[in-house]
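Written below as structure tokens is the structure these notes are about.
The values are calculated or read from the model by the stated rules, or taken from the named source; none is laboratory data. Treat the numbers as computed from the prediction; the structure is a model and nothing was measured. Using ideal geometry, Cβ is built from the backbone for each residue, glycine included, and neighbour counts are taken over all protein chains shown.
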Amino acid sequence: MNKTQQPVIVEQILNSSIKEVWSAITNLDEMKQWFFNNIPAFKAEVGFKTQFPVVSVEVTFTHIWEILEVEPGRKIKYHWSYKEFKGEGFVTFELFEEGSQTLLRLTNEGLETFPQDVPEFERDSCIAGWEYFINGMLKNYLENK
């Protein structure tokens with residue numbers, strides 16, 4: 001497996017209970033506070049689908065999500081694709097109890113299936129994006145809730 005085929009993994013210890021973190025990553029109103037504020041609908045249910053546009057510079061990325069796996073309070077896995085680009089990825093959020101804290105592990109697989117000439121699909125860009133959302137936005141949201 002070469003570097004581009006390796007999953008992107010971002011981990012963060014959060015000073016919140018698993019229940020609080022699970023709610024933040026699965027409750028639409030909370031997701032809009034730290035993730036994408038234009039998610040039209042969301043349910044942590046296998047088979048649930050949603051889509052919404054995200055504009056980066058002058059390029060639109062219409063996110064298409066389908067929930068593949070749900071273990072309440074522990075794990076949620078998405079099929080992740082874009083209307084404008086070929087490729088498919090899988091994003092998994094996993095939660096682990098660490099005393100009074102929660103370890104969140106995000107795994108993004110399939111990055112190599114997207115066009116490699118699009119800067120947003122470069123590995124470093126993907127890592128930076130997930131670190132922004134998980135280590136920055138989600139952590140700040142939970143700490144200031």
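In table form, for the structure just shown:
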item: Residue satisfying all of: in the stretch 1-51; polar (S, T, N, Q) and under 16 Å from GLU98 (Cβ atoms); surrounded by the fewest Cβ atoms within 10 Å (Cβ to Cβ) among these; result: ASN15
item: Residue, nearest to the chain's Cα centre (by Cα), within the stretch 57-93, restricted to residues that are at pLDDT 95 or above and acidic (Asp, Glu); result: GLU66
item: Residue in the stretch 47-54 that is touching a residue at least 60 places away in the same chain (Cβ under 8 Å) and closer than 30 Å to ILE13 by Cβ present; result: no
item: Scan of the stretch 52-100 for residues that are of a type in the set (Lys, Arg) and either surrounded by 15 or more Cβ atoms within 10 Å (Cβ to Cβ) or touching a strand residue (DSSP E or B) at 6+ places or on another chain (Cβ under 9 Å) (or both), ordered by number; result: ARG74, LYS75, LYS77, LYS83
item: Single match in LEU138, LEU104 (criterion: touching a Leu at 6+ places or on another chain (Cβ under 8 Å) and in a helix (DSSP H, G or I)); result: LEU138
